[in-house]
1. Within the range 229-256, can you find the residues that are surrounded by fewer than 16 Cβ atoms within 10 Å (Cβ to Cβ), in contact (Cβ under 8 Å) with a residue 24 or more places away in the chain and out of contact with any helix residue (DSSP H, G or I) (no Cβ under 6 Å at 6 or more places or on another chain)?
2. Being part of a loop (DSSP other than H, G, I, E, B) and on the phi > 0 side of the Ramachandran plot is true for just one of 249, 220. Which residue is that?
3. Please state which of the following conditions residue 42 fails to meet, knowing it meets all the rest: (1) modelled with pLDDT of 95 or more; (2) closer than 22 Å to residue 190 by Cβ; (3) surrounded by fewer than 22 Cβ atoms within 10 Å (Cβ to Cβ).
4. Restricting to the range 48-95, give me the number of residues that are within 27 Å of residue 197 (Cα to Cα), buried (at least 22 other Cβ atoms within 10 Å of the Cβ) and more than 16 Å from the chain's Cα centre (by Cα).
5. Quick one: which residue in 159, 166 is assigned to a helix (DSSP H, G or I) and closer than 19 Å to residue 249 by Cβ?
6. Of the numbered conditions (1) surrounded by 17 or more Cβ atoms within 10 Å (Cβ to Cβ); (2) more than 29 Å from residue 29 (Cβ to Cβ); (3) free of Cβ contacts under 8 Å to residues at least 40 places away in the same chain, residue 226 satisfies every one except a single condition; which is it?
7. Taking only the range 104-117 into account, find how many residues are surrounded by 15 or more Cβ atoms within 10 Å (Cβ to Cβ) and touching a residue at least 40 places away in the same chain (Cβ under 8 Å).
C-alpha cells in the first residue's frame, strides 16, 4: 500500500475509461475516495460502481475539461460530496494523428484546448482550492513519451505534451511555497481505445494494415510487452502518496523502455 492515501480524495478527469479508469481503481484499492469527471455519464456510472465495490466513496460529474468554469464546478462538487480534496489528476486528453501539412485550425484548437487547456485549467482550479483550504496538495498531469520526443504524424499531439511538461515545471515552481507538488506521468504504448484509434488513423493515412502501427511501436519496447493502465496507475499512486512528498516538477517516463532521458 502507498503511504498516506487512505481516506483522502482524488479527482480524476477522463476517469470513466482507459488509463483514467485504471488510475481510479488503483487509488480506490489504496483506500482513496474518488471523484470521476468525464463527458460520458453512462461510463462514469459503470466505473463508479466498480470503485464503490472497493468499499470507498465515489462521485461522478459530467464536464468538459477545456472549460475552466466546468473544471472549477467539478472540484466543488467533489469537495461537497466527498468532504475533502487532496489530489488532482489531470488525465483527460485526446490523440490526433495527422500529417503536419494537413493540420487544420479546427484540429489545432481542439487538441490544444483539451490536452493543454484542460491541464492548465485543472492546475489552476485545483491550486486555488488547495490555497483556499490552506492545505498542501498534489497535482498530477497526463503527459506522454511524446512530451519528451516528437513523433511523426503526431506533431501537434506531441507539441501539447511538451507544453504539459513545461507547464508542470512552471507550476511546481509557482506553487511550491503553498506546499503544492506538481508532477506528470508519461506513458508509452498503452493497450487502450486511444491506441486503437491511433492505429486506425495511421492505417488511413499511410496505408498500413490495421494493427501494423501498434505492432511496430510495441516491438520497440525493451521489456517486451505493451503497457497496461495498471502500469500507469502504479506510478500515479506513488506520486499521490507521501512517499513522493519531495518530488515536484518532474515528468516521469513509464514506457517499458522506449524513450530514454
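The values are calculated or read from the model by the stated rules, or taken from the named source; none is laboratory data. The structure displayed is predicted, hence computed values, not measured ones. Please note: Cβ atoms are built from the backbone with ideal geometry, for glycine as well, and neighbour counts cover all protein chains shown.
1. 242, 243, 245, 247
2. None of the others qualify; the one that does is 249.
3. Of everything listed in (1) modelled with pLDDT of 95 or more; (2) closer than 22 Å to residue 190 by Cβ; (3) surrounded by fewer than 22 Cβ atoms within 10 Å (Cβ to Cβ), residue 42 misses just condition (2).
4. The qualifying residues number 3.
5. Result of the check over 159, 166: 166.
6. Just one mismatch for residue 226, condition (2).
7. Count: 8.
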